Amino acid sequence: MCSLAEKDRPIVQLLLDAGTCPRCVLRFCSVGSQLLYRHPHQDLMKDLQEFLKSSQEKEDPVCLDVADPPCKRIRLDHSREEGADDLSHNGAVPQLPSAGSGNSAMESSAGKVCNVCLGILQEFCEADFVKKVCQKVNSADYQFTSFVFSVSLPPQLSVRERAAWLGVKQQMRNLGLPLAKDDIVQLKEAYKWIIHPQLSEELGVPADGKSLFEVSVVFAHPETDEECHFLATACPDCFKPAKNKQSVFTRMAVIKALEKIKEEDFLKHFPCPPSSPKNLCDALEIQCNNGAVFVAGRYNKYSRNLPQTPWIIDGERKLESSVEELISEHLMAEFKADSFNFSSSGREDVDVRTLGNGRPFAMELVNPRRIRFTAEEMKRLQQAINDSSDKIQVRDLQLVTRSAIGRMKEGEEEKTKTYSALIWTDKAIQREDIAFLDDIKELRLEQKTPLRVLHRRPLAVRCRLIHTMSCEYLDQHHFRLRLKTQAGTYIKEFVHGDFGRTKPNIGSLLNRTADILELDVESVDVDWPPTLAD
């Protein structure tokens, strides 16, 4: 085993005797060869046995890169006599086996569950488990061209790794050699070195750290769940309850506690090296998740009895459908997503129509199974939405990126909107009574939060601009008013005044009571998403 040096022999011997698997032995010897970890478990064990045997058969002592190194066996004995760094749970530093004990080391580790990784670098690297993962992926019927693999480890693995590391650290200290914890190959990294090529071959696509398709495995080990509980007593400030966490013993909390606890306190509560468990880890969950897909377009709303989003009050649905539902029903079915998030450039009231080029909207489809659609397929999907209802129509339906949606949200406050309102007045009017409205430009309003939305919007005074107005006289009590306004202006309140909460208003300008009978949004001046050819 060319990746191991003579200085690694005591580490190999110590760990194998403690019941550590060959791959974890390589990790603690800082072996960085990915190919080596992929060798079969039994082959690695034989290689380690040969390494120990060849080292013991050398007649002359090996000169290490330290000045006049003392005899290792004597150094260990001397350390034990001095009582330095008591690392064993029973007060004894592990003694190096005598020559010829390589077989006993192999016997102690062979067939046992690793005392450090709890079997993750043993059974869960084998072809049977890889096939089980791939069967789960294939049965989920996702579209993907690459994958990223993630693994969730039991938090007690960090405790066991710390205990094993302290043993290795002491062994190296006895030999006069430095060892930094960063030198150890991390368990997740080694596992991915082994599992990535197998998954890639079985799935037929490459592993890619930037892939949006994630395959994840969650491991648990109930037998050793309580092993990190002593840390809560030693470092109580590291373990604070969180609303969305079932246990305070999260991996990050345990790692934080291990960074704070003193070595001597750790060793009082945990054996070093750790003992071998009876059972392997359980692969609790094998999950797949595709990154979100974003679809954008513009919608027209032709009904005065259709809310933008589901209208539910105190658990009771007020209207049977909504713009959001009429669109999402088709997108969810085609993309085979778990859920969605709908957003738009502003919103209209239930009794307000949206005409012209429509209102920009975007929909985030969460964990979609299907992600690839041609332009022609998107056209057919748009047509299916439009054929399903006469209340809405969709145009310019297209796939977009997450970052592009920001352009739509900018328009909510920065762009202009054009409206058409049918207005009633209590006193009779003539054409000349309303003609002056056409000449008003850049009228500044002060609008307190309307009473009708005060239950869901904070109380505030908002300054808004009416850029232009034009009137069309209908009869003595009705006229149509067209307005171009700053986005975010409350048009209904500008007409009737909202009990004086919007100043000025059409009622105050005409010196009579005014109310709005109908309102249409004629344009939302946001240049997004891009217009598509029919």
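Things to note:
- Here the accessible area of the chain is 48 percent carbon and sulfur, with a 1.4 angstrom probe and all protein chains present.
- Taking Cβ atoms as reference points and 14 Å as the exclusive limit, the residues near LYS132 contribute a net charge of -4, counting Lys and Arg as +1 and Asp and Glu as -1.
- Ranked by solvent-accessible area (1.4 Å probe, protein heavy atoms only, all chains present), the residues ARG23, ARG9, ARG317 order from largest to smallest as ARG317, ARG9, ARG23.
- On full extension, the segment bounded by SER470 and ARG380 gains 28.4 nm, given 0.36 nm per residue less the C-alpha separation.
- Cα Rg over Rh - segment 319-367, Kirkwood: 0.99
- Mean separation of Cα contacts under 8 Å, 6 or more apart, over the residue count of segment 417-524: relative contact order %: 40
- Dipole magnitude of segment 292-413, debye to nearest 20 (Cβ charges: Lys/Arg +1, Asp/Glu -1, about Cα centre): 400
- Net lengthening on full extension, LYS188/GLU50 (0.36 nm per residue, minus Cα-Cα): 47.0 nm
- Shown here: the chain, whose C-alpha atoms stretch 118, 48, 44 Å along the first, second and third principal axes, sorted largest to smallest.
- When restricted to Cα atoms, segment 271-338 yields an Rg and a Dmax of 23.6, 74 Å, respectively.
- Positive contributions from Lys and Arg (+1) and negative ones from Asp and Glu (-1), summed over other residues with Cβ under 13 Å from the Cβ of LYS188, come out at +2.
- Helix-derived mean residue ellipticity, 222 nm - over the chain, DSSP H n ≥ 4, -39500 (n - 2.57), to 500: -10000 deg cm²/dmol
- With a 1.4 Å probe rolled over the protein heavy atoms of all chains, the accessible area of ILE516, ILE466 falls in the order ILE516, ILE466, largest first.
- Accessible surface for the chain, divided over its residues, is 49 Å² per residue with a 1.4 Å probe.
- GLN42-ALA234 pseudo-label distance in nm [points 7 Å out on the Cα-to-Cβ vector]: 4.0
- Accessible area of TYR37 in the full protein assembly, 1.4 Å probe (Å², nearest 10): 0
- Here the relative contact order of the chain, from alpha carbon pairs under 8 Å that lie six or more residues apart, stands at 13 percent.
- 4 °C / 1.567 mPa s Stokes-Einstein diffusion coefficient of segment 267-403, Kirkwood radius on C-alpha pairs, µm²/s: 74
The values are calculated or read from the model by the stated rules, or taken from the named source; none is laboratory data. On a predicted model such as this, the values are computed, not experimentally measured, just so you know. Cβ atoms come from the backbone with ideal geometry, glycine included; neighbour counts cover every protein chain shown. Heavy atoms of the whole protein, side chains included, go into the accessibility calculation; ligands, DNA and RNA do not. Shrake-Rupley method; radii C 1.70, N 1.55, O 1.52, S 1.80 Å.
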